[in-house]
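The values are calculated or read from the model by the stated rules, or taken from the named source; none is laboratory data. All of these numbers come straight from a predicted model, not from anything done at the bench. We place every Cβ from the backbone using ideal geometry, glycine too, and count neighbours over all the protein chains shown.
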Amino acid sequence: MKGFFLLLILCCTTVFGQNTYLPHEVEKQAEPAGGLIHLNQFISSNLQIPFKSAIKGLNGRVYLKGLVETDGSMSQIEVTKGIDTLCNEEAVRVMSLFKAWKPATIKGEKVRQYVHYPMTFRTKAKTSYDSSRSALVDYFDQKYNPVADPKKYEYRSILPVDDHGYIRADVVYEQMKGGKWKEIGKANFEKKEIWHKTGYVGSVADSVKAYWISARDRNLASHSSEAIFQMNGTLLSYTEYELNNKASLNKEYDLNGMVRVLRLFSDSLRSELTWFENGQIKSVIETPVSKQNEFVEPIYVNAWDRNGVQRVKDGDGYWWSTEETFGRRLVIEQGRIAAGAKNGKWEGKWSDSTLLYQETYNMGVLKEGVSYYDGEKRNYTQAHINPQFKGGIKEFYKFLGTNIRYPEDAARRGVTGRVKLSFVVREDGTMGEYKVESGVGFGIDDEALRVVKKMNGLWEPGSIRGKTFSVRYTVPINFQLN
């Protein structure tokens, strides 16, 4: 018993005997591994400004104090000056996720050091929020352009939200008729349990039980931001949509609620930022959008290791990354990057070091490649081939022109626009999993979907490195009146 008591004292001495220092007491101060710019990027990507605090607008700071440990994590995080309880709690949550610190040192030895950091909360007031309805109400003119002048009100949308700003009920569309608002459409709210496949490389679980909230119409077009949560309420995925139902931003979170992938979408470019599990930024990749739905080689902009050492800078350096293939098998890929493009010899190996492929590039152009899927050797000169409509793009547009019938209601109202549909072309060329990515309404989305479904069996499947796979394909269809 006496020996046990002595051991307990020694353990306590080891824990409580570690010295802590202030910034001016160390030789080299603690700092984010990749610098302050990386910490700021991490915070802006992860910060979820509380909806209740943001309604009237925010422009303030939460001042934090924390202890950077010798392993790069931060403990004893507390608020020294805050905004309100919700903002203070969110600031502590975000800072506790970041574990990519370079510890302070004294005589070359890592030591624990206190740091102070201000976290900014800034957002415009949500002027469309109607507290009596607990909803965001937006008004539009005859051409469905947003307006603030009541004299120009022709349509309005009512988007009910919960205390966190997420959709909670049906999105209702109304039109002013005879001095009164009349319902003309609705996107049904849905909250359903799902098994969510985590969308980042190296996730602990392939799928987790979760629930998904959305408001979609019968064509599956989204009418609000969508979110997927763990059963305990921790966010797993978040997607924002523009007024035309086109996704503009997507975030994928790990099980701790930290952003691991951030995707930004525009008409011409898709940007993707990824992070390591400790919060250090991993890579920045940009991919130009192909108008013909052809595969476009990404532009490799920047890359770092988990300790903040930059491997690729402004498109030049040596790329090394772990990616996932179909079936979520991990592949380690590496090679030179010049001017943002693959250059020279590249290779990919499975996580057990078995060779998957070897390729030779000349400034982004693949010269030759060989793959070894399932032990079968395949030679190729195109790494990715998207599904192709039989007969080519001219036959595709000919099919559309022959089969599309302009909806009468849309024609009468003079409605025009572009519908973007996606579907999966399976390995045998059949189609399925249809989805309206962005729609127009007034029957146009229904017509586009009807015609696309008639294409079943008229596609050649896509392939990756010589092997055929099921591939999701996106089709934009324009509806214009002569």
Being under 20 Å from D170 (Cβ atoms) and at pLDDT below 95 narrows it down to one of Y144, Y129, so name that one.
Y144
Can you tell me which residue is surrounded by the fewest Cβ atoms within 10 Å (Cβ to Cβ) among those in the range 327-356 that are of a type in the set (D, E, K, R) and more than 23 Å from G317 (Cβ to Cβ)?
D352
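From the list V452, V440, V424, pick out the single residue that is within 23 Å of S222 (Cβ to Cβ), among the β-branched types (V, I, T) and part of a loop (DSSP other than H, G, I, E, B).
On the way: V452 fails: part of a loop (DSSP other than H, G, I, E, B); V424 fails: part of a loop (DSSP other than H, G, I, E, B).
After applying the criteria, what remains is V440.
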Tell me, which residue of the range 391-408 that is closer than 16 Å to K453 by Cβ and in contact (Cβ under 8 Å) with a residue 60 or more places away in the chain is farthest from the chain's Cα centre (by Cα)?
I404
Checking the conditions here, which among I444, I393, I404 is buried (at least 18 other Cβ atoms within 10 Å of the Cβ) and not hydroxyl-bearing (S, T, Y)?
I444
Hey, can you tell me all the residues within the range 255-268 that are at pLDDT below 95 and either charged (D, E, K, R) or in contact with a Pro (Cβ under 6 Å, 6 or more places away or on another chain) (or both)?
D267
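Would you confirm, using the coordinates I've provided, whether L22 is closer than 15 Å to H116 by Cβ, free of Cβ contacts under 8 Å to residues at least 60 places away in the same chain and in the same structural domain as I106 (by TED's automatic domain parsing)?
Details: closer than 15 Å to H116 by Cβ: yes; free of Cβ contacts under 8 Å to residues at least 60 places away in the same chain: no; in the same structural domain as I106 (by TED's automatic domain parsing): yes.
Against the criterion (closer than 15 Å to H116 by Cβ, free of Cβ contacts under 8 Å to residues at least 60 places away in the same chain and in the same structural domain as I106 (by TED's automatic domain parsing)), L22 does not qualify.
For (1) touching a residue at least 24 places away in the same chain (Cβ under 8 Å); (2) outside the structural domain of Q41 (by TED's automatic domain parsing); (3) over 18 Å from the mean Cα position of the chain (by Cα), each residue gets a yes or a no:
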| site | (1), (2), (3) |
| --- | --- |
| L235 | yes, yes, no |
| T239 | no, yes, no |
| N256 | yes, yes, no |
| L262 | yes, yes, no |
| S268 | no, yes, no |
| F276 | yes, yes, no |
| V296 | no, yes, yes |
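Can you work out which of the residues in the range 89-101 that are more than 21 Å from the chain's Cα centre (by Cα) and crowded, with 20+ Cβ neighbours inside 10 Å is nearest to F121 (Cα to Cα)?
Initially, the range 89-101 is screened for residues more than 21 Å from the chain's Cα centre (by Cα), giving 89, 91-92, 96, 99-101.
Still in the list and also crowded, with 20+ Cβ neighbours inside 10 Å: 91, 100-101.
Working: A91: 9, A100: 22, W101: 22 Å.
Once the filter is applied, the top-ranked residue is A91.
State all residues of the range 302-325 that are within 19 Å of the chain's Cα centre (by Cα), surrounded by 15 or more Cβ atoms within 10 Å (Cβ to Cβ) and within 30 Å of Y372 (Cβ to Cβ); if no residue qualifies, say none. Show your work before the answer.
Restricting attention to the range 302-325, the residues satisfying the condition of being within 19 Å of the chain's Cα centre (by Cα) are 302-303, 321-325.
Right, trim to surrounded by 15 or more Cβ atoms within 10 Å (Cβ to Cβ) and you get 302-303, 321, 325.
Selection gives A303, S321, T325.
Considering only residues that are outside any loop (DSSP other than H, G, I, E, B), under 15 Å from G439 (Cα atoms) and not small (G, A, S), which ones fall in the range 241-261?
Initial filter on the range 241-261 (outside any loop (DSSP other than H, G, I, E, B)): 241, 247-253, 259-261.
Remaining after also requiring under 15 Å from G439 (Cα atoms): 241, 247-248.
If the condition is that a residue be outside any loop (DSSP other than H, G, I, E, B), under 15 Å from G439 (Cα atoms) and not small (G, A, S), then Y241 is the only one that fits.
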Filtering the range 327-347 down to residues that are without any contact (Cβ under 8 Å) to a residue 60 or more places away in the chain and under 25 Å from the mean Cα position of the chain (by Cα) yields G327, R329, V331, I332, E333, Q334, I337, G340, A341, K342
